[in-house]
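Everything below concerns the one structure shown next.
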Amino acid sequence: PIKAFLFDLDGVIVDTAIYHYQAWRRLANELGFDISEEFNERLKGVSRMDSLDIILAHGGMTLPDEKKEELAAQKNQWYLDLVSRMTSDDILPGVATFFSQVHKANLLTALGSVSKNAPMILERIGMSDAFDAIIDGTKISKGKPDPEVFTKGAAELEVDPDECVVFEDAVAGVEAGKRGGMFVVGLGSPDVLTQADLVAASLDVLTVDDVLAKASV
Ligand code: G6P
Ligand code: MG
């Protein structure tokens, strides 16, 4: 049976995905090229340094590590400026209702985000106490699509992978959940999240009962 739900943060609980994109786009623009929204799908769920490598390759650039550290820090500063005014009003539609259903169903919850800013974001939106376990970018050595962030979450909750459902908006995150042996709900477009077991536009259009029914067959 399903015992735990594991949630990505950016683009699932809160719409920070747009701010990551804006900050990366600003960086690319300063380097002399642009990144499209379609290209940005490749960055979702991917760690800060891996994202920078993908962007630099896209722009046909190679830079020394020192310069890369500098650019990554610059992007993060812009990102922090963008999220600094966020409040609980920025929690995505349907999240509160979905979480009350999750608790009524006695399911365990974990956050599985490769963002090093995840604890700060949870604090800002008042959701620091909403999860039984929190795995963020400071607790893992490999970012998505590696399954580490989710397998660590399952281990901390003391459940098996096949007892977990993962909620993800990113191609790399869906792949991470599948490689971890979990049922994956993709939140977004079925044309993009092709590896997901079930796709919905957002948590707003899902109920816990629906998910449990589909994940338990
Ligand atoms: C999440 C986001 C990515 C971001 C990554 C690292 O996975 O979807 O866009 O690059 O976290 O975030 P950080 O806050 O550590 O730079
Ligand atoms: Mg995400």
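The values are calculated or read from the model by the stated rules, or taken from the named source; none is laboratory data. Please read all numbers here as calculations on a predicted model, not as lab measurements. Quick reminder, even Gly has a Cβ in these numbers, built from the backbone with ideal geometry, and neighbours come from all protein chains shown.
Within 12 Å of ligand 2 (Cβ to nearest atom) and either free of Cβ contacts under 8 Å to residues at least 24 places away in the same chain or not polar (S, T, N, Q) (or both): is that true of ALA176 in this structure?
yes
Listed here are the residues, each with its yes/no results for (1) touching a residue at least 40 places away in the same chain (Cβ under 8 Å); (2) touching a Ser or Thr at 6+ places or on another chain (Cβ under 6 Å).
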site: ARG85; (1), (2): no, no
site: PRO93; (1), (2): yes, no
site: HIS103; (1), (2): no, no
site: ILE125; (1), (2): yes, yes
site: ILE134; (1), (2): no, no
site: ILE140; (1), (2): no, no
site: LYS144; (1), (2): yes, no
Q: Could you list, in sequence order, all residues of segment 170-189 that are outside any loop (DSSP other than H, G, I, E, B) and surrounded by fewer than 24 Cβ atoms within 10 Å (Cβ to Cβ)?
A: VAL171, ALA172, GLU175, LYS178, ARG179, PHE183
Q. Only one residue in VAL205, VAL217, VAL192 is over 15 Å from GLY112 (Cα atoms), surrounded by 16 or more Cβ atoms within 10 Å (Cβ to Cβ) and over 14 Å from the mean Cα position of the chain (by Cα), so which one is that?
A. VAL192
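So that you can scan it fast, the table gives a plain yes or no per residue for (1) more than 10 Å from ligand 1 (Cβ to nearest atom); (2) of a type in the set (A, V, I, L, M); (3) surrounded by fewer than 23 Cβ atoms within 10 Å (Cβ to Cβ); (4) at positive phi:
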residue	(1), (2), (3), (4)
LYS3	yes, no, yes, no
PHE7	yes, no, no, no
ASP15	yes, no, yes, no
TYR21	no, no, yes, no
ASN29	yes, no, yes, no
SER36	yes, no, yes, no
GLU41	yes, no, yes, no
SER47	no, no, yes, no
Q. Restricting attention to segment 141-152, does a residue exist that is surrounded by fewer than 18 Cβ atoms within 10 Å (Cβ to Cβ), basic (Lys, Arg) and either modelled with pLDDT under 95 or not in a helix (DSSP H, G or I) (or both)?
A. yes
Q: Please enumerate the residues belonging to segment 154-189 that are among the acidic types (Asp, Glu) and either under 16 Å from the mean Cα position of the chain (by Cα) or modelled with pLDDT under 95 (or both).
A: GLU168, ASP169, GLU175
Q.
Is it the case, given these coordinates, that PHE167 is within 15 Å of ligand 2 (Cβ to nearest atom), touching a residue at least 12 places away in the same chain (Cβ under 8 Å) and in a strand (DSSP E or B)?
A. yes
(Q) Can you tell me how many residues within segment 84-113 are modelled with pLDDT under 95 and either in contact with a His (Cβ under 7 Å, 6 or more places away or on another chain) or within 16 Å of ligand 2 (Cβ to nearest atom) (or both)? (A) 2
Q: Assess whether LEU206 counts as being under 25 Å from ASN40 (Cα atoms) and modelled with pLDDT of 95 or more.
A: no
Q) Could you say whether any residue in segment 79-98 is within 11 Å of ligand 1 (Cβ to nearest atom) and out of contact with any helix residue (DSSP H, G or I) (no Cβ under 6 Å at 6 or more places or on another chain)? A) yes
Q. Counting only residues that are in contact with a strand residue (DSSP E or B) (Cβ under 7 Å, 6 or more places away or on another chain) and within 12 Å of ligand 1 (Cβ to nearest atom), how many does segment 137-175 have?
A. 3
Q) Quick check: is even one residue across segment 106-121 surrounded by 19 or more Cβ atoms within 10 Å (Cβ to Cβ), assigned to a helix (DSSP H, G or I) and touching a helix residue (DSSP H, G or I) at 6+ places or on another chain (Cβ under 9 Å)? A) yes
